[in-house]
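One structure is given below, represented as structure tokens, and several questions about it will come after.
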Amino acid sequence: MRVKRASKFGFCAGVRVADLKARRFSFDGGRGAILGALVHNERVVRELEELGLKSVDSLDRTEGPTVVFSAHGVPPSVHDRARELGLHVLDTTCTFVVDIHDEVERAQSDGCHLVFVGDPDHREVVGYTHDLEPDAYDIVSMMDDVRDVDWGRYPRIKIIYQTTLNADDFEDLVQFIERQNPQAERADTICYATRENQDAARQLAEDPDVDLVLVIGGKDSANTRHLWEIASQSKTAHLIQGVEDIPPEWLEGVTCVGLTAGASTPDSAIDEVQEFLESR
């Protein structure tokens, strides 16, 4: 069985740096906990727990002197709360996410109403919005969300995408807002690695040699799910976490498998799947 990998896939720079920072901290004898999962990948979370860095759901449950903030970032008030508790902070927030926090602050200073395109429960979006006044922003993900708002009443609007989205899926929503308010402006917030992975997944699925596409990543990873959605438009595609998720019937009659992976997927998981497929 042949395997073709997408031209771009797997760990993005932000996730790779976050993972390295956390592991180096542990290897150097650091003690503490991670607020939430460092990245949306179960294997990475498990490996970090084995190194002594458990994930906790609140600062109050942090054991040890240090709290690690994930690549998704946290609201500014969480930094303040960590200082109040006397915790040291290891901040692994992706630099791209940091830039978007700065973009949000500038847009507010310029008098813009903020529109976040994405999942209101996603940790990245929560990080942007948690400290804002409720009337300062809207979060939209469906046409019903944008139809319910009088966009014309805002002097200026800044539209900010969750970095892991497939922007094409939300073009109708954004154009609706822009038609209602000519002063609506888009911020360039789709992560370049997300865009490259999505383009590569589309190209892989359209390859005539590829019979099946496997997308490797965490079950809670938004960017991995979007890769699967893109691949499914052209080929039979499945989202898996590893070799254990591949039943034999998927591979019946298949001679070439296309592989891609989400931005939180470690290289080891991808290598294991390829070795398994090529051994058949």
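Computed from the coordinates by the stated procedures, all read-outs in this text should not be read as laboratory data. Model, not experiment: these values are computed from the prediction. As a convention, Cβ positions derive from the backbone with ideal geometry for all residues, glycine included, and neighbour counts pool all protein chains shown.
Testing the spin-label approximation: label points 7 Å from Cα along Cα→Cβ at R106 and E244. State their distance in nm.
About 4.6 nm separates the two model spin labels.
For the ranges 142-154, 167-179, 39-51, what's the packing order if you count other beta-carbon atoms within 10 Å of each residue, average per peptide, and put the highest first?
Ranked from most to least packed, the peptides come out as 39-51, 167-179, 142-154.
Another question, then. How much length is gained if the chain between L51 and R280 is pulled fully straight, taking 0.36 nm per residue apart and subtracting their Cα-Cα distance, in nm to one decimal?
79.0 nm
If you put +1 on each Lys and Arg Cβ and -1 on each Asp and Glu Cβ, how big is the dipole of the stretch 13-93 around its Cα centre, in Debye rounded to 20?
With Lys and Arg at +1 and Asp and Glu at -1, about 180 debye.
For the chain, what does -39500 (n - 2.57) per DSSP helix run (n ≥ 4), summed and divided by total residues, give at 222 nm, in deg cm²/dmol to the nearest 500?
-11500 deg cm²/dmol
Under a crude label model (7 Å from the Cα following the beta-carbon direction), how far is L132 from D188 in nanometres?
About 2.1 nm, to one decimal.
Would you mind pulling out the separation of the Cα centroids of the stretch 215-266 and the stretch 25-61, in Å?
26 Å
Once phi is turned into θ = phi - 60°, what whole-Hz ³J(HN,Hα) does the Karplus curve with 6.51, -1.76 and 1.60 give for every residue of the stretch 132-145, x standing for Gly and Pro?
3J(HN,Hα) across the stretch 132-145, in whole Hz: 8, 5, x, 8, 8, 7, 10, 10, 10, 8, 9, 4, 4, 5.
Also: Amide H to amide H, which residues 5 or more places from I34 or on other chains are under 5 Å from it, using H placed in the peptide plane?
Hits under the 5 Å cutoff: K54, S55, V56, V68.
Using a Förster radius of 51 Å, what is the FRET efficiency between R81 and R153 based on their Cβ-Cβ separation? Nearest 0.05, please.
Computed FRET efficiency for R81 and R153: 0.90.
Follow-up question, since we're still on this one. Amide H neighbours of L239 under 5 Å, at least 5 residues apart or on other chains, H built in the peptide plane: list them.
V215
Order of 90-101, 241-252 by packing, highest average Cβ count within 10 Å first?
90-101, 241-252
Among (1) 0.92; (2) 1.09; (3) 1.04, which is the computed Cα Rg over 2.2 N^0.38 Å?
Entry (2).
Also, I was wondering about something else. Subtracting the Cα-Cα distance from 0.36 nm times the residue separation, let me have the gained length for M142 to V254 in nm, one decimal.
36.6 nm
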